[in-house]
Structures are given as C-alpha cells and as structure tokens.
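Trainee: Got a structure for you, questions after.
The values are calculated or read from the model by the stated rules, or taken from the named source; none is laboratory data. Remember, it's a predicted structure, so these values are computed and weren't measured experimentally. Here the Cβ positions follow ideal geometry from the backbone for every residue, glycine too, while neighbour counts run over all protein chains shown.
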Amino acid sequence: MQNKLKILHKLLAAAAVCTALAPVALHAEIEEIMVTAQKRAESLGDVPIAVSAFTENFIQETKITDLKQLIRYTPGLAGESTDSFLDSISVRGVSTNSFGIGGDSSIGIYKDGVYYGRNGAAMTSFFDIERVEILKGPQGLLFGRNAASGAIHTITAKPDLDAVAGYVRVGAGQRDRRQAEFAYNQPLGGGWAARIAGSHSEEDGFVKNLFNGQDVSDHDRQALRLSIRNEGDWGDVTLMGEYEDREQTGTVYITQGAGGNNFTGSDRTANFDFPPKDEAEVIGLTLTANIHLSDTMTLTSITGYNEHDWIYQEDWDGSPEGFAGYIQDQEGDYFSQEVRLNVTAGDNLSWYVGASVYKEDVTALLANDAPDVSAFFAPGAGPIPLLETNNTKGEYSGWALYGDVTYQLTEKMDISLGLRYTVDDKEAVTDIQGQGFVWPVATPAPVKAKQDWNDVSPRITLRYFTDNDLMFFGSVTEGYKSGGFGTDDVSLSAGGVALPGATLDDFDPETIRSYEVGVKGDLAEGRVKFGLSAYYYNYEDLQTVIIEVGKAVVENIGEVDGHGIELDLRAAVNDNWDFFFAAAWAETDISGIPLDVCVEPSGSSCDGNRLAFNPQYTVSGGVEAHYPVNGGEVFAALDFTWQDEFHSGLENLATDLVDSVGFVNFRAGWLAEKNWKVMVYAENLFDEASFSARGGSFFLVNTAPTRQRNVGVDLTYSF
C-alpha cells in the first residue's frame, strides 16, 4: 500500500508542478466548459459530481471516433476494445458482467438525453457533436433510465438560427485509411433552422490471419444526421434523425501458450478459421422540446426512439481447428418518453421533478457453430460437428418518478436532496437447443419467464463555495440496476432436457451506495482549472455470468468495496501553450463469492481480489503549442495515455493479466485565416501493442489486440 501511495503522490506532485509552470501571461485563460449534467446549464466547475467533459474541438483534434476511444482520456474509466460490446467498460471498477439480452448495462449510454444501452446499438460514431459528458458514480436523477456505475452522454450539434455555417474535413492515412466528415447549417427564417452532417471512415486491418492470409481488425463506417429546430419566445423544439451503418471485425482472439507466448510469433498475427464480424445498422429519432411556462418554470419533453440490426461473429477458440465459432444475430427497438419540470422558486430554492417511461423489444439468435468438437467429447473419434442455438425474445418496459430540490443554506453553501422510484418489468421467451458444450439444456418447447423489480434510490449533495474560486462538495448516492433473466439456463431440467413447468432462471438487481468528496476550482486568475475527488462505494449482488464446461448462467454473487482518487486538470501556460493532465488511482476488493464459482488454483477463494477490467492507475495528459504566423497560425501537440495492468477475470490469475500499456500521439499543422486547416498526425507513435482482455476459454489463453500505429493527414475547410 505504501508503494501505491508513493506513486499516487508522484502523480499529484507532477500535476502541482504543472500548475506552477512559468512564465505565465496574465491574459491567458482556459475556455469555460458549460455542461448540463444536472439538467441545467452551468459551469463544469460548479457541478457537485465527478464529471469529465470533452469538447468538439478536443475530440476532432485527437481523432476520437467513438466513446471507447475516449475511455483512455477519462480518469476512472477503463476497458477500451474494438467491438460493439459494453461488458468491458469499467467505471471505477464497475462493469457489466452479464452480456446477454436478459440483463441491462451497468453504464448508461445516452445521446441527447435518450438511452442507447444495448450491445450493438450503443457504439455509434462521434461526428458534428457539441461535447461529451462522462459522469462517474451512480446516476439515477439525471436521465430517464438508471445508471448504476456512471453515464456517458453525447450532445450533438444543434441547428443555429443566426448564420449559414459548416465544415468539410477529409483525411487519409496508412492501411488505406480514408475519412470524410461534413456539416452544413442553414437558417430557414421564421425561427427555423436545419443542420445536416455526415461521416465516413474506412481502414484496412492490421492483424494478419495466417489461416487465409487476410488482414482483419478493419472497419467501414458511415453515418448521416439531420436536425430541424424552431425557437421562439415560448421556448424551442428540435427534431433529430440519425442513421449509421457499421461494418468492422469482431473481437480477434490470438492463441497463447502457457507462458503467454504467441504461437504465431507476433502480437498482430492470428490463426483462426471462423471469420470475425461486427456489423450493425442503427437508427435514432429524438424530439426535444423546452417550453418556458414562465420566467421561473420550464417544461422539458424528450421523446426518443432507436432501433438496431446487429450481427456479430467471433472465433473464440482462436485456433484453425474448427472448434468454436460464436454468432449473435440481434435486432431490437427502444422507445422512451421523459417529461421534466424545472422551477426556480426564489433566490434560495430551486427544484425539478420528472417522470419517464420506456418500452423495449429485443430478439437475439445466439449460436455456437463447431464443425469438430471431438477433442471435447471424444478424443480420437473423428470429426464431430455441433451446432447449438439459443433464440430469445425479450419484451421489457418500465417507468420512474424522480425529483431533486436544492436549497441555499447560506450565501456560500447549498444542499440538494433527490429521490428516484423505479419500476422495471421484463418478460422473455427462450428456445434453447444446447448439447452440453456451451448451453447445458435443450427445450422441447420455448421456456417463458416474467418478473418485475422496483427500487428507491436517494441522493444528497452539499456544496460550499469559497471566496477564491473553489467549490468543495460531498455526496451520498445509491444506485440500482434492474434484475433480469439468465437466458442460457432453465430452472427445471433432467438429462439435459427442460422439464414441463420450467422457467428461465432470473437474477436479482445490483445495488451500490457511493460516498464522494471533492474540490473544483480555478487558479491563477482562470488560467488553471481542476477537479479532485475521492470516493468509496459498496457494491452488492454482482450480476456475473459464470462460464464453465456445460454451464453458462448469470448469478448474483458477493459484494465489492471500492475506493479511489481522481484528478482532472487543464491549464493555459500563456497565450501559446496549453496542457491537460488526468490521473486516477482505484482499489477494489471483492468478497463473499461462493467457492464453486470462483476458486483459484491454490484452492483458495477469490476474496480480496480486484474486479476485472480495473487497472489500479490510469494517467493521461497532453501539451499544445500554437503560434501566429503571417496569414494564420502553426500548431503542434503531443498527448499520451497510460493504464496499469489489470485482470480480465475475478480469479485474478496470471493467465488473465493484461499488461500495462501507454500510447503517445502527435499532431502538427497550419490554420489559415481564411478557414483552411491542414494537420499531419501519428497515432500510437511508438507502435505499442495493446490488448482488451486475456483469459481462458476452457483450455486456451486468448487476447484481443486493439490498435496499431497510423500516420496520416487531414484537411479541413470551415465556413
């Protein structure tokens, strides 16, 4: 523990040194980021929540294309991968351990206030956006759907009534990378405006499949968005429609030896026979209205609809032996309606109340296609083909009531009290044709299940503002994630066959109680902005998928105690130099997991282990220089991200340990006064190999590569 604290002390000391850099120009100042994390526009430094906010400019400059690439820049988050699954995304150690359609995600993914929480639907591209807000800790009062671990909220750019504006950006890089993005804003008169935006990105793969000589880990994505807005004295209304088509490689598994050595001889070569695939079409519609009922009262309505069609494939044994190919063919639609009333009742009192409903229909055909499982069932018996299927349809609905009141205790101190009541109702029907390899049972007739859950989640926050631009805050928050169904097993079976009266096994909700204290503020007359927070939480009844030979079910197991410290810092050294720095330290301790679920090779339990996908340290930072020249300015920037090693499983085995890794990115260019900009860049400058996970699939140790160096150029014209 002393060594860990020493490392943390060094990180914080480095941040302190950065704030004292000289010389400092008195007129240099950091841009103020306005956020709506508390359902009202306010400065990021006034929000009593640990929030990381990323502007459109930062996302464009660093060439971040989706929320998983943003993870490495966010203190407290981990779990970057290249697929469409949410299960590896960890917020302060809390991740989604049940990845079927019978449960929900621990992290809430939202776009313009609408929930996109299903695997296959949530991973949409970043283009023409205003900002991204990442909220850490339970979030029950700020969105229509609950979020147990945290929330990622993307706010798209809205039509502007005042001027014709837009941009066009094209780029090219190694491995035939070709990218294009545009946006065009057109005032229509009479309080109306429209905005259209689109993006395209394609790139060849960087992992060689020795089985057929093809490159994998490639992608081809395109998206289009149209928004129409009307504003008046009464308020505003915006209708947004979006479509995205995404074709990319599913998770690539590289077979490893017992010592962790790649049998193929390289971290970027694989040898598998089943083609990985991750293809989706996602459609989203959002209607947002803000109606000013009076000078102190605003009614907000958010109507959302999204649908997705997703097919995913992977060769999860990572070998050319035809042993196991996984397929998930999924489609679903989601509708939600949220209504909220914000009231400023006086100088000392403000409050809001809200109600939301949702309805989701989702179907998924899961299959394990194996042309030869003789090594598993009958070694030496000759090829034994096997096809197991699991066809599930879920109909889910729910509603919630929530409210929050803020009272000014003194001129410098206020308190907020909030409460949410949630009801979730789920019904599912499953047809399982298992043969004991992945699914342990077969169902002569479809098996049904119906269940509902409810929860009361409170929150209390306290803020204190000093005279020198500092805000201290503290909070106690409870979070909740609905229960669900383990769609891989049934309650009654004999000899691998479901008995009459069998239902799907259900699992209980997860609950979390979080305590947090922190400070945010400005230093050096606005040239430095920072946020520092410390937290502790207790997390009970983890919904965890247990995969063993002949068994794949979801169970509620044990509890977790977690605590940590997070730092965000931005500074303007002078008119020409800016930098940012972020760091996090996290500890998690699991306990109470049954021995038949989590037993280490030594025979001991997993008590005292860390959660999966939970690095102890994460650090990121960057520096940018920009100097005026005749007709424009030149700029150069260097940024880095680093994360500590972490385990992919609760057992914390050496075989599931993912090594620490750091990336360095560089960019430089010229910005002309006539709105032209050219930028050259190098992503992953030192070509570091990284992996999203490591672990055993019955008898193999697998890893999944995530990125390779790419050098390219972008050209942008803005008007």
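Trainee: Name every residue in region 349-380 that is surrounded by 19 or more Cβ atoms within 10 Å (Cβ to Cβ) and in a loop (DSSP other than H, G, I, E, B), in order of residue number.
Mentor: Across region 349-380, the qualifying residue is only 373.
Trainee: Looking only at residues in region 69-118 that are assigned to a loop (DSSP other than H, G, I, E, B) and of a type in the set (Lys, Arg), which one is farthest from residue 285 (Cα to Cα)? Don't jump to the end; show me each part of the working.
Mentor: Filtering region 69-118 for residues assigned to a loop (DSSP other than H, G, I, E, B) gives 74-76, 79-89, 92-93, 95-106, 112-113, 116-118.
Now restrict to residues that are of a type in the set (Lys, Arg): 92, 118.
Values: 92: 31, 118: 16 Å.
Going through the qualifying residues, I end up with 92.
Trainee: When you scan region 91-100, do you find a residue that is under 27 Å from residue 328 (Cα atoms), at pLDDT 90 or above and among the aliphatic types (A, V, I, L, M), even just one?
Mentor: Within region 91-100, one or more residues are under 27 Å from residue 328 (Cα atoms), at pLDDT 90 or above and among the aliphatic types (A, V, I, L, M).
Trainee: Out of 577, 585, report the one residue that is modelled with pLDDT of 90 or more, of a type in the set (Phe, Trp, Tyr), surrounded by 15 or more Cβ atoms within 10 Å (Cβ to Cβ) and closer than 20 Å to residue 517 by Cα. Break it down into steps so the answer makes sense when it comes.
Mentor: Details: 577 fails: closer than 20 Å to residue 517 by Cα.
Just a single option satisfies the conditions, and that option is 585.
Trainee: Which of the residues belonging to region 385-420 are loosely packed, with under 15 Cβ neighbours inside 10 Å and over 30 Å from residue 46 (Cα atoms)?
Mentor: 385, 387 - these are the residues of region 385-420 that are loosely packed, with under 15 Cβ neighbours inside 10 Å and over 30 Å from residue 46 (Cα atoms).
Trainee: Okay, moving on. Is one or more of the residues making up region 495-511 assigned to a strand (DSSP E or B), in contact (Cβ under 8 Å) with a residue 60 or more places away in the chain, crowded, with 19+ Cβ neighbours inside 10 Å and aromatic (Phe, Trp, Tyr)?
Mentor: Looking for residues that are assigned to a strand (DSSP E or B), in contact (Cβ under 8 Å) with a residue 60 or more places away in the chain, crowded, with 19+ Cβ neighbours inside 10 Å and aromatic (Phe, Trp, Tyr), one finds at least one in region 495-511, hence yes.
Trainee: Another question about this same structure. Scan region 320-336 and tell me whether some residue there is assigned to a strand (DSSP E or B), in contact (Cβ under 8 Å) with a residue 40 or more places away in the chain and within 30 Å of residue 415 (Cβ to Cβ).
Mentor: The answer is no; no qualifying residue exists.
Trainee: Does region 304-326 contain any residue that is under 30 Å from residue 144 (Cβ atoms), of a type in the set (S, T, N, Q) and crowded, with 16+ Cβ neighbours inside 10 Å? Let's see the steps before the verdict.
Mentor: To start, the set of residues in region 304-326 that are under 30 Å from residue 144 (Cβ atoms) comprises 304-312.
Checking the rest, the ones that are also of a type in the set (S, T, N, Q) come to 306.
This time we only want the ones that are crowded, with 16+ Cβ neighbours inside 10 Å, so: 306.
Checking region 304-326: at least one residue is under 30 Å from residue 144 (Cβ atoms), of a type in the set (S, T, N, Q) and crowded, with 16+ Cβ neighbours inside 10 Å.
Trainee: Would you be able to say whether some residue in region 492-508 is over 21 Å from the mean Cα position of the chain (by Cα) and under 21 Å from residue 107 (Cβ atoms)?
Mentor: Checking region 492-508: at least one residue is over 21 Å from the mean Cα position of the chain (by Cα) and under 21 Å from residue 107 (Cβ atoms).
Trainee: Just to check your reading of the model, which residue among 103, 79, 113, 117 is at pLDDT below 90 and over 12 Å from the mean Cα position of the chain (by Cα)? Reasoning before the result, please.
Mentor: On the way: 79 fails: over 12 Å from the mean Cα position of the chain (by Cα); 113 fails: at pLDDT below 90; 117 fails: over 12 Å from the mean Cα position of the chain (by Cα).
Just one listed residue meets the conditions, 103.
Trainee: Evaluate the following for residue 62: is it more than 22 Å from residue 562 (Cβ to Cβ) and modelled with pLDDT under 90? Don't jump to the end; show me each part of the working.
Mentor: Numbers: more than 22 Å from residue 562 (Cβ to Cβ): yes; modelled with pLDDT under 90: no.
No, not satisfied.
Trainee: Taking residue 149 as meeting all but one of (1) surrounded by fewer than 24 Cβ atoms within 10 Å (Cβ to Cβ); (2) more than 23 Å from residue 392 (Cβ to Cβ), write down the number of the exception.
Mentor: (1) is the only condition that residue 149 fails.
Trainee: Step by step: first the residues of region 379-425, then only those that are in contact with a Ser or Thr (Cβ under 6 Å, 6 or more places away or on another chain) and among the hydrophobic types (A, V, I, L, M, F, W, C), then the one that is farthest from residue 508 (Cα to Cα). Which residue is that?
Mentor: Among those residues, the one meeting the criterion is 381.
Trainee: Kindly indicate whether residue 50 is buried (at least 24 other Cβ atoms within 10 Å of the Cβ), over 27 Å from residue 396 (Cβ atoms) and of a type in the set (A, V, I, L, M).
Mentor: Working: buried (at least 24 other Cβ atoms within 10 Å of the Cβ): yes; over 27 Å from residue 396 (Cβ atoms): yes; of a type in the set (A, V, I, L, M): yes.
Answer is yes for this residue.
Here's the yes/no breakdown for (1) assigned to a strand (DSSP E or B); (2) modelled with pLDDT of 95 or more:
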position	(1), (2)
541	yes, no
555	yes, no
607	no, no
623	yes, yes
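Trainee: Filter region 191-222 for residues that are among the hydroxyl-bearing types (Ser, Thr, Tyr) and in a strand (DSSP E or B); which is farthest from residue 155 (Cα to Cα)?
Mentor: Going residue by residue through region 191-222, those that are among the hydroxyl-bearing types (Ser, Thr, Tyr) are 199, 201, 217.
Imposing the further condition that a residue be in a strand (DSSP E or B) reduces the set to 199, 201.
Numbers: 199: 16, 201: 21 Å.
So, considering only residues that are among the hydroxyl-bearing types (Ser, Thr, Tyr) and in a strand (DSSP E or B), the one farthest from residue 155 (Cα to Cα) is 201.
Trainee: Can you tell me which of 652, 665 is outside any strand (DSSP E or B) and under 25 Å from the mean Cα position of the chain (by Cα)? Walk me through how you get there before you give the answer.
Mentor: Values: 665 fails: outside any strand (DSSP E or B).
Selected residue: 652, the only one of 652, 665 that is outside any strand (DSSP E or B) and under 25 Å from the mean Cα position of the chain (by Cα).
Trainee: Any idea which of (1) farther than 30 Å from residue 240 by Cβ; (2) more than 25 Å from the chain's Cα centre (by Cα) is the one residue 313 doesn't satisfy?
Mentor: (2)
Trainee: Give me a count of the residues in region 626-643 that are of a type in the set (S, T, N, Q) and within 31 Å of the chain's Cα centre (by Cα). So that I can check it myself, show each step before the final result.
Mentor: So in region 626-643, the residues of a type in the set (S, T, N, Q) come out as 630, 641, 643.
So of that shortlist, the ones also within 31 Å of the chain's Cα centre (by Cα) come out as 641, 643.
So the answer is 2.
Trainee: Picking from 517, 545, which residue would you name as being under 25 Å from the mean Cα position of the chain (by Cα), under 30 Å from residue 471 (Cβ atoms) and either surrounded by fewer than 18 Cβ atoms within 10 Å (Cβ to Cβ) or modelled with pLDDT under 85 (or both)? Spell out how you get there, then give the answer.
Mentor: Numbers: 545 fails: under 30 Å from residue 471 (Cβ atoms).
Unique residue meeting the criteria: 517.
Trainee: May I pose another question? Within region 275-296, track down each residue that is over 30 Å from residue 210 (Cβ atoms) and among the hydrophobic types (A, V, I, L, M, F, W, C).
Mentor: Of the residues in region 275-296, the ones over 30 Å from residue 210 (Cβ atoms) are 281-296.
Passing the criteria: 282, 283, 285, 287, 289, 291, 293.
Trainee: Next question, about the same structure. Listed residues 161, 188; which is part of a strand (DSSP E or B), closer than 24 Å to residue 285 by Cβ and over 26 Å from the mean Cα position of the chain (by Cα)?
Mentor: Values: 161 fails: part of a strand (DSSP E or B).
From the options 161, 188, the qualifying one is 188.
Trainee: Output the residues belonging to region 119-131 that are out of contact with any helix residue (DSSP H, G or I) (no Cβ under 6 Å at 6 or more places or on another chain), part of a loop (DSSP other than H, G, I, E, B) and not acidic (Asp, Glu).
Mentor: Once the filter is applied, which keeps residues that are out of contact with any helix residue (DSSP H, G or I) (no Cβ under 6 Å at 6 or more places or on another chain), part of a loop (DSSP other than H, G, I, E, B) and not acidic (Asp, Glu), region 119-131 yields 119, 120, 121, 122, 123, 124, 125, 127.
Trainee: Follow-up. All but one of (1) hydrophobic (A, V, I, L, M, F, W, C); (2) touching a Pro at 6+ places or on another chain (Cβ under 9 Å); (3) under 24 Å from residue 717 (Cβ atoms); (4) buried (at least 17 other Cβ atoms within 10 Å of the Cβ) hold for residue 182; which doesn't?
Mentor: Among (1) hydrophobic (A, V, I, L, M, F, W, C); (2) touching a Pro at 6+ places or on another chain (Cβ under 9 Å); (3) under 24 Å from residue 717 (Cβ atoms); (4) buried (at least 17 other Cβ atoms within 10 Å of the Cβ), residue 182 violates only (2).
Trainee: In region 524-539, what residues are over 25 Å from residue 137 (Cβ atoms) and either crowded, with 20+ Cβ neighbours inside 10 Å or of a type in the set (A, V, I, L, M, F, W, C) (or both)? Explain how you work it out, then say what you get.
Mentor: Just the residues of region 524-539 that are over 25 Å from residue 137 (Cβ atoms), to begin with: 524-527.
Residues satisfying the conditions are 524, 527.
Trainee: In addition: Looking for something within 24 Å of residue 149 (Cβ to Cβ), buried (at least 21 other Cβ atoms within 10 Å of the Cβ) and hydrophobic (A, V, I, L, M, F, W, C) - is there at least one such residue anywhere in region 676-683? So that I can check it myself, show each step before the final result.
Mentor: Residues of region 676-683 within 24 Å of residue 149 (Cβ to Cβ): none.
No: region 676-683 contains no residue that is within 24 Å of residue 149 (Cβ to Cβ), buried (at least 21 other Cβ atoms within 10 Å of the Cβ) and hydrophobic (A, V, I, L, M, F, W, C).
Trainee: Any residue in region 112-125 that is at positive phi and in contact (Cβ under 8 Å) with a residue 40 or more places away in the chain sitting within a Cβ distance under 6 Å of a residue that is crowded, with 24+ Cβ neighbours inside 10 Å and assigned to a loop (DSSP other than H, G, I, E, B)? List the pairs, counting only those 6 or more apart or interchain.
Mentor: That search, which allows pairs on different chains as well, returns 120/84.
Trainee: Could you please let me know if residue 225 is assigned to a strand (DSSP E or B), under 26 Å from residue 290 (Cβ atoms) and not aliphatic (A, V, I, L, M)?
Mentor: Details: assigned to a strand (DSSP E or B): yes; under 26 Å from residue 290 (Cβ atoms): yes; not aliphatic (A, V, I, L, M): yes.
Considered against the rule, which asks whether it is assigned to a strand (DSSP E or B), under 26 Å from residue 290 (Cβ atoms) and not aliphatic (A, V, I, L, M), residue 225 comes out as yes.
Okay, residues lined up against (1) in a strand (DSSP E or B); (2) of a type outside the set (A, V, I, L, M, F, W, C):
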{"site": "384", "(1), (2)": "no, no"}
{"site": "388", "(1), (2)": "yes, yes"}
{"site": "391", "(1), (2)": "yes, yes"}
{"site": "395", "(1), (2)": "yes, yes"}
{"site": "415", "(1), (2)": "yes, no"}
{"site": "418", "(1), (2)": "yes, yes"}
{"site": "424", "(1), (2)": "yes, yes"}
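Trainee: Provide a single number: the residues in region 645-661 that are closer than 19 Å to residue 685 by Cα and not β-branched (Val, Ile, Thr). Before you say what the answer is, go through the steps one by one.
Mentor: Narrowing region 645-661 to residues closer than 19 Å to residue 685 by Cα: 659-661.
Narrowing further to those that are not β-branched (Val, Ile, Thr): 659-660.
Within region 645-661, residues that are closer than 19 Å to residue 685 by Cα and not β-branched (Val, Ile, Thr) number 2.
Trainee: Just one of the numbered conditions (1) at pLDDT below 95; (2) more than 25 Å from residue 86 (Cα to Cα) is not true of residue 668; which one?
Mentor: All conditions pass for residue 668, except number (1).
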